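Student: Here you go, one structure.
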Amino acid sequence: MTLANAPASVSPIRLSDYRRPAWTVDTVELDVDLEIDTTEITSRLSLRRDPAQSLPLRLDGENLELLAISLDGRPLDAADYRYENSVLDVVGAHDGSMLETRVRVRPSANTALEGLYLSGPRETGFLLTQCEAEGFRHITFFPDRPDVLARYTVTLRAEQARFPVLLAGGNPDGAGELADGRHWARFVDPYPKPSYLFALVAGRLESIRRDYVTADGRKVELVMWSEANVIDRCHYALDALERSMRWDERAYGRNYDLDVFHVVATHDFNMGAMENKGLNVFNAKYLLADPDSSTDEEYRAVEAVVAHEYFHNWTGNRVTCRDWFQLSLKEGLTVFREQQFSADMNSAPLKRIEDVSLLRRTQFPEDAGPLAHPVRPAEYREINNFYTATVYEKGSELVRMLAGHLGQDGFRRGTDLYFDRHDGHAATIEDFLAALGDANHIDLKPYLAWYAQSGTPRLHARGEYDAARREYTLTLSQLTRATPGQPEKLPLPIPVKLALFDQHGRMLPLHLDGQTVETEKVVVVDKASQRFVLRDVPSHPVPSLLRGFSAPVVLECDYTPTELALLLAHDADGFNRWEAGQQLAALAFDSLHGAGHSAACKAWCDALAASFENPAIDDALLADLLTPPGEIEFADRQSEVDPAKIHAQRQELQRRLAQRLGANALLDRYNMLSSGSEVQLDAASQAKRRLKRRVLELLALVDTDQAHALAARQYETAAGMTDRLAALGLLVRDRAPQAAAVLADFRRRYADNPLALDKWFAEQAKVPGEPALANVMQLESDPAFTLKNPNRARSLLGNFASANPSGFHRADGLGYRFFAEQLAELDALNPQIAARLATAFNGWQRLEPVRREAAHTTLQGLAGREGLSRNLSEIIGNVLQ
Ligand code: ARG
Ligand code: ZN
């Protein structure tokens, strides 16, 4: 028996070192004998050798117990192979050789949830795999890299009573009974795929099904699988899947390509979901939905993630990535496609607001701190640490800029050519830009700089009006600050969508470069500084810049409060209207500590009071307008961060708004918005609930007792989770007298619903300020808490450290110490989750000195511990630099 582990410290892997694989695999035959504790996998690989290279055969294999190995039918002597440091070297292989191995793995002992593992209790749970990025090497020996595409035939065998359902990717190709109560099932995937898209699932699962016919006439059976007690909550996801499939046919001309499409829900999953070919696996959080246990946000997230994984079938699976540095090739593009889909299904401006908020809350801080990396990183130690907001969300923004540049038809021509050229192959970002460009006879290479350069560009805008010449000169300059490893920054092509408004809020026609155009135009800033002269401008205009958030930059423009109020009242671009409000709120925030415009707070409140009375504004947009930027966004604008102060100041800002709106008006509006006894999911009903929640939160700032009483009643009478959780959240965050009772009730009500219980932990982890830590420490020893379940760990520890700045960043540093202890414990179980949670320390260098010192000491202590995983040590090492 041989077991080989990788050494913990490794040198980085670099993009510049990429080499084609010396050995590839044409076909893979896997025979898997499944059992909870030990599973045996026999693999037959038909090998192809690159004639241009003369390297011996080397395969990846992690934690495998090697039982047998033979080459071309001949068992190998100990001298002919070596399994050490997670690689298997074999001598004597040649082009066309067949390597057969048999290995044993231990699913029930796998707490890292990578490779083959058990979901749920050993008596009732089921087995499943997770292979992206490098999980396949935990199942068998293989050149485990995305540019090795092979055809898979998978035969599963298991005890029929314990594992009635056997699934693998591809089309079903027979099943039957075996002796002694066992059975088998075979799956053949006709499409060559990289190993990270392999999957199998085995256990007691229920299903719901639907027949689907693709636009090009293929009959497909869509099947959702889950454990029996939640199968009724899969219907919404099945509907969403059908909508996604239709949408991709229409928007991108992409049809599904197998006879079956299976989706499986698990409560034990490291990420959101996984696009395995023909067998998607979902974190239950992103698949199950019903009104009693899911909020409106969660319904939207289910729809979005179902679409995201489905869209990967073309952007990721049919065309995959050459290497993991190209991750954004599939992720950025697929996030963008999902955003387009969600915008089409729901409200486009609201979706844009949601996405930009997410970018600012997660990606901007990443780009501004020690973890900054380009959308296409140049090096990594642990690839799982690079499934980041930068690769996903900023990556999507880059695709959006490209799509904007080409226009709808041009972008479609470009993606058509991309799919034609690269179908069945592993591609690069360069390939993608070349296909988009070639289809449109445009050189898009300048955009490559966006993929290579980290940091958020600052776009400074200054306008000057010359009344005598009726000219408005807009000077746009860009600057990107240095990031780790990138001291020098180049100017990037920044598309700026702009419009001008007169003092009455009317849009002005734009005369630029002699041509008359519409009222909106895109200019591209690709130098450090550029001037754009607009002619025939009748009066001093107010510019609306970066409309729809046309580039992922920070806009710096010295607007007066009056100008922002004008845009907030009149901008027809829903996103920019909201954005004007956000900028005005930021000025108001500054004015509270005596910086900037003293009139800003009043201007913000007045402008929102007008919006509050404006029946033309949609309820959901109004709810967003009434919400100032979050604490993380405010912190991002400061050079010395005191999270407690930011929290207090943001509360004060909201209190002033609530006062301006008035308790009576808030109460009246709340009563008007009260909803019926059944949950409707249409946009208007969701918008009502969103506004109702916001109004109640504001009311609590001016008439606390009344708001709490209303919240307690809302909790009791709520028809669904959105209203119920909104009420509970308010009472818990405010530490209202009613909080204990609703928490106890919620706990009883949802005792058997882990996703709902996650919310119970999450809401308590988000209690601001001093009391948070004691809460979290107590919850950590609650019998329902476990570090072994990623959703549960994220609910409590993730929310505490990443979504509760004033609670986590205590001046006494106890928040850091408690969290670091938890990380070390978690790291021994699940390094991916530990590393992900540890990114909460990002930004510690910009904390005020007392907290900075405390965080530093804790981080150094953590870094000095023995036996940290590669995942966690890379994050801690980078955060400390
Ligand atoms: N490809 C999956 C998705 O975006 C996510 C996989 C994340 N994998 C990981 N090891 N972090 O849909
Ligand atoms: Zn994805």
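Student: Take R254 and tell me if it is under 22 Å from S342 (Cβ atoms) and either touching a Lys or Arg at 6+ places or on another chain (Cβ under 7 Å) or part of a loop (DSSP other than H, G, I, E, B) (or both). Steps first, please.
Tutor: Working: under 22 Å from S342 (Cβ atoms): yes; either touching a Lys or Arg at 6+ places or on another chain (Cβ under 7 Å) or part of a loop (DSSP other than H, G, I, E, B) (or both): yes.
When the stated conditions are applied, R254 passes them.
Student: Go through (1) crowded, with 17+ Cβ neighbours inside 10 Å; (2) over 15 Å from T39 (Cα atoms) one by one and return the number of the condition D180 breaks.
Tutor: The number of the failed condition is (1).
Student: Scanning for something of a type in the set (K, R), touching a residue at least 12 places away in the same chain (Cβ under 8 Å) and either in a strand (DSSP E or B) or away from ligand 2 (no atom under 16 Å from the Cβ) (or both), does the range 51-63 turn up at least one residue?
Tutor: Yes, the range 51-63 contains a residue that is of a type in the set (K, R), touching a residue at least 12 places away in the same chain (Cβ under 8 Å) and either in a strand (DSSP E or B) or away from ligand 2 (no atom under 16 Å from the Cβ) (or both).
Student: In addition: So, of the residues in the range 778-804 that are part of a helix (DSSP H, G or I) and of a type in the set (S, T, N, Q), which turns out to be surrounded by the fewest Cβ atoms within 10 Å (Cβ to Cβ)? Let's see the steps before the verdict.
Tutor: Restricting attention to the range 778-804, the residues satisfying the condition of being part of a helix (DSSP H, G or I) are 778-780, 790-802.
After this cut, where a residue has to be of a type in the set (S, T, N, Q) as well, the list is 778, 791, 795, 799, 802.
Details: Q778: 11, N791: 21, S795: 25, N799: 22, S802: 21.
My answer is Q778.
Student: Also, quick follow-up: It is to be established whether one or more residues within the range 287-303 are within 18 Å of the chain's Cα centre (by Cα), surrounded by 24 or more Cβ atoms within 10 Å (Cβ to Cβ), within 23 Å of L116 (Cβ to Cβ) and near ligand 1 (Cβ under 10 Å from one of its atoms).
Tutor: no
Student: For the range 304-315, which positions are near ligand 1 (Cβ under 10 Å from one of its atoms), without any contact (Cβ under 8 Å) to a residue 60 or more places away in the chain and not charged (D, E, K, R)?
Tutor: Of the range 304-315, the ones near ligand 1 (Cβ under 10 Å from one of its atoms) are 305, 308-309, 311-312.
Next, only the ones that are without any contact (Cβ under 8 Å) to a residue 60 or more places away in the chain stay: 305, 308-309, 312.
Across the range 304-315, the qualifying residues are V305, H308, H312.
Student: Just one of (1) out of contact with any strand residue (DSSP E or B) (no Cβ under 6 Å at 6 or more places or on another chain); (2) closer than 26 Å to I875 by Cα; (3) away from ligand 2 (no atom under 12 Å from the Cβ) trips up G332, so point out which.
Tutor: Checking G332 against (1) out of contact with any strand residue (DSSP E or B) (no Cβ under 6 Å at 6 or more places or on another chain); (2) closer than 26 Å to I875 by Cα; (3) away from ligand 2 (no atom under 12 Å from the Cβ), the one that fails is (3).
Student: If P146 meets every condition in (1) part of a loop (DSSP other than H, G, I, E, B); (2) farther than 30 Å from R49 by Cβ apart from one, which number is that one?
Tutor: With respect to (1) part of a loop (DSSP other than H, G, I, E, B); (2) farther than 30 Å from R49 by Cβ, P146 is out only on (2).
Student: Residues in the range 58-69: is at least one over 23 Å from R870 (Cβ atoms) and not hydrophobic (A, V, I, L, M, F, W, C)?
Tutor: No, the range 58-69 has no match at all.
Student: Within the range 572-634, which helices (runs of 4 or more DSSP H) (wholly inside it) include 3 or more residues that are within 15 Å of A648 (Cα to Cα)?
Tutor: On the way: elements: 574-592, 600-613, 619-625.
The helices (runs of 4 or more DSSP H) meeting that bar are 574-592.
This table checks each residue for (1) away from ligand 1 (no atom under 16 Å from the Cβ); (2) modelled with pLDDT of 95 or more; (3) within 20 Å of N270 (Cα to Cα); (4) part of a helix (DSSP H, G or I).
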{"site": "S806", "(1), (2), (3), (4)": "yes, yes, no, yes"}
{"site": "A820", "(1), (2), (3), (4)": "yes, yes, yes, yes"}
{"site": "A835", "(1), (2), (3), (4)": "no, yes, yes, yes"}
{"site": "E853", "(1), (2), (3), (4)": "yes, yes, no, yes"}
{"site": "T858", "(1), (2), (3), (4)": "yes, yes, no, yes"}
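Residue-by-condition table, conditions (1) away from ligand 1 (no atom under 16 Å from the Cβ); (2) in contact with a Leu (Cβ under 9 Å, 6 or more places away or on another chain):
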| residue | (1), (2) |
| --- | --- |
| D77 | yes, no |
| Y81 | yes, yes |
| V105 | yes, yes |
| R122 | yes, no |
| L127 | yes, yes |
| A133 | no, yes |
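For (1) basic (K, R); (2) within 14 Å of ligand 1 (Cβ to nearest atom); (3) under 30 Å from R577 (Cα atoms), each residue gets a yes or a no:
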position: R322; (1), (2), (3): yes, no, no
position: Q339; (1), (2), (3): no, yes, yes
position: D344; (1), (2), (3): no, no, yes
position: L350; (1), (2), (3): no, no, yes
position: I353; (1), (2), (3): no, no, yes
position: L371; (1), (2), (3): no, no, no
position: T388; (1), (2), (3): no, yes, yes
position: Y392; (1), (2), (3): no, yes, yes
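Student: Could you grab me the full set of residues in the range 264-286 that are more than 13 Å from ligand 1 (Cβ to nearest atom) and either farther than 21 Å from A719 by Cα or surrounded by fewer than 21 Cβ atoms within 10 Å (Cβ to Cβ) (or both)? If you could, list the steps in order and put the result at the bottom.
Tutor: Taking the range 264-286 first, the residues more than 13 Å from ligand 1 (Cβ to nearest atom) are 264-268, 278-279, 284-285.
Result: V264, A265, T266, H267, D268, G278, L279, A284.
Student: Further question on the same structure: Give me the helices (runs of 4 or more DSSP H) completely within the range 677-767, filtered to those with at least 1 residues that are under 20 Å from A301 (Cα atoms), among the β-branched types (V, I, T) and within 27 Å of the chain's Cα centre (by Cα), ordered by residue number.
Tutor: It comes to 721-733.
The values are calculated or read from the model by the stated rules, or taken from the named source; none is laboratory data. Quick caveat: nothing in here was measured; it's all calculated off a predicted structure. Methodologically, a virtual Cβ is constructed for each residue, glycine included, from the backbone with ideal geometry; neighbour enumeration extends over all protein chains shown.
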